[in-house]
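One structure below.
Nothing in this text is a laboratory measurement; each read-out follows from the coordinates by a stated rule. Source: prediction; values computed, not measured. Ideal geometry is used to build each Cβ from the backbone, glycine not excepted, and the neighbour counts take in all protein chains shown.
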Amino acid sequence: MAKDKETDYTEVAPQDWLQVTITKAVSMGASDIHIEPEQFRLNVRFRIDGILRVIDQLHLTYLNQVISCLKVMSGLNIAESRRPQDGHIVFRPQTLAPTESVDIRLSIFPTVFGEAAVLRIQNRKDLIFDKLDKLGIEPYDLEKLQFVLRQSEGMVLVTGPGGSGKTTTLYTILNALASSQRNIVTLEDPVELRLNGVRQSQIHPELGFDFSQGLRSILRQDANVVMVGEIRDDETAEISIRAALTGILFLASIHTTNSVGAIIRFIELGIPPSMVAAALRVVITQRLIRNVCPNCREKIVPSDKIVQFCRIPKDYQSKFVQGKGCSECDGTGYKGRTGIFEVMFVNEDLQRMIIEGAAFTDLELQAKRNGMRTLKDVAISLALNGATSLDEVIRMTPLH
Ligand SMILES: [Zn+2]
């Protein structure tokens, strides 16, 4: 909730303020803390369930002390204030047991009103599941995915915007694959979590060690499974596809809004459709959708516009809920998030259509015939069960 007045912290040492603020962020389940100078004040916001919220407002004079303190905590250069800096903090919140700690990735960015800081809180339990079935992929899709993962080659892609849980999915898959019989190597930017039984490597583009160069080396490392943080350029795309066709089970994320989009993206990057068709096994598109707060949820009648957009049959229109906001959910009407998945398996029909150069809509139609449920279908069924709201469905799923 936004406060009208700035809090007076002149009496509080910046390290104590940071201790209290980070502890509060961890206990509220925030993923990021934003410390943002504006013209006349310092805003502090938390990202909770994917949405930013103003938590505190401080006098601007406090900024330099807080930023210096962060630089000391993460071993950054205190004298440097004109260039961005990235650091890492291992933090022990007062609320956790003395042996437990939280990893924080710090990014400091110079703005016209002073240095802004974003602290990404990395909670191990949010970044990985011990079993694949905990991801939330439908059992029918999961069974087919497990079959694909047992094979010795082919490409498995995970797609979605930042903060949609792609890393969790990739880490959970890697964790499930880790065994003494397979050599698993990754190229990441950054390595967010250290995994047992996996050789993880952090790229350094400034040293010429980027995804494509790293990949070439990995192919000489006798790897069985390779994971690349993100395929962003034509060179990485080409080496990845070739690897997936020559005895490597290849995992990667790629930036598209839906599963069919991944096919189109590879073709746009200059990969021959026949190679895309032969290499690609499955594309998993995902989002994290907010759950309606169970404490303040109430039935609602959706507007005509929403009914039309979501194509809801008349008989179902009375089934929807929304949170009106309460103290449990900090007035937002939502509490916690659920992963939703659009899982597309590339079967022979799709392979043929990719080679023939079929358009997006035709590919998607075929994928649906093969049993794919789109993100929107999955989200609407969650809303029908009262788990989320129609507003959230519209916010989180692609428009088509
Ligand atoms: Zn509530």
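For the chain, dividing the convex hull volume of the Cα atoms by the residue count gives 169 Å³ per residue.
For region 14-122, a crude dipole built from +1 on the beta carbon of Lys and Arg and -1 on the beta carbon of Asp and Glu, taken about the Cα centre, is about 60 debye to the nearest 20. Based on every Cα atom in region 215-274, Rg and the maximum pairwise Cα distance Dmax equal 11.4, 33 Å.
Helix content alone sets the calculated 222 nm mean residue ellipticity of the chain: runs of n ≥ 4 DSSP H residues at -39500 (n - 2.57) each, divided across all residues, give -9500 deg cm²/dmol. GNM on the chain, C-alpha springs below 10 Å: top fluctuator among Asp16, Asp362, Asp377? Comparing Asp16, Asp362, Asp377 in the GNM, the peak value goes to Asp16. For the chain, the relative contact order works out to 12 percent when only alpha carbon pairs closer than 8 Å and six or more residues apart are counted. Within the chain, the cysteines lacking any other cysteine Cβ closer than 4.7 Å to their own Cβ are Cys69, Cys310. Separation of the alpha carbons by more than 29 angstrom is noted, of Lys71/Lys324; Lys324/Lys376; Lys24/Lys299; Lys299/Lys376, for Lys71/Lys324; Lys24/Lys299.
Sorted on the mean count of surrounding Cβ atoms within 10 Å across their residues, most packed first, peptides 229-239, 312-322 read 229-239, 312-322. An ellipsoid equivalent to region 70-210, defined through the eigenvalues of its Cα gyration tensor, has semi-axes of 34, 19, 15 Å when rounded to whole angstrom and sorted largest first. Cα convex hull, region 319-400: 96 Å³ per residue, rounded to a whole number. Counting every alpha-carbon pair across region 87-138, the share separated by more than 14 Å comes to 67%.
Treating region 175-317 as a set of equal point scatterers at the Cα positions, no solvent, please give the Debye-formula log₁₀ I(q)/I(0) at q = 0.12, 0.18 Å⁻¹. Taking Cα atoms of region 175-317 as identical point scatterers yields -0.63, -1.03. Checking the table Lys134/Lys335; Lys125/Lys335; Lys319/Lys368 against a 22 Å threshold on Cα-Cα, which pairs fail? Over 22 Å Cα-Cα: Lys319/Lys368. Rounded to the nearest 10 degrees, what's the angle between the helix 234-245 long axis and the longest principal axis of the chain, both from Cα atoms, 0 to 90? Taking the Cα atoms of the chain, the angle to 234-245 is about 50 degrees.
Here region 126-396 is assigned +1 on the Cβ of each Lys and Arg and -1 on the Cβ of each Asp and Glu. Its dipole about the Cα centre then comes out at about 740 debye.
Convex hull volume of the C-alpha atoms in region 14-122, normalised per residue: 93 Å³.
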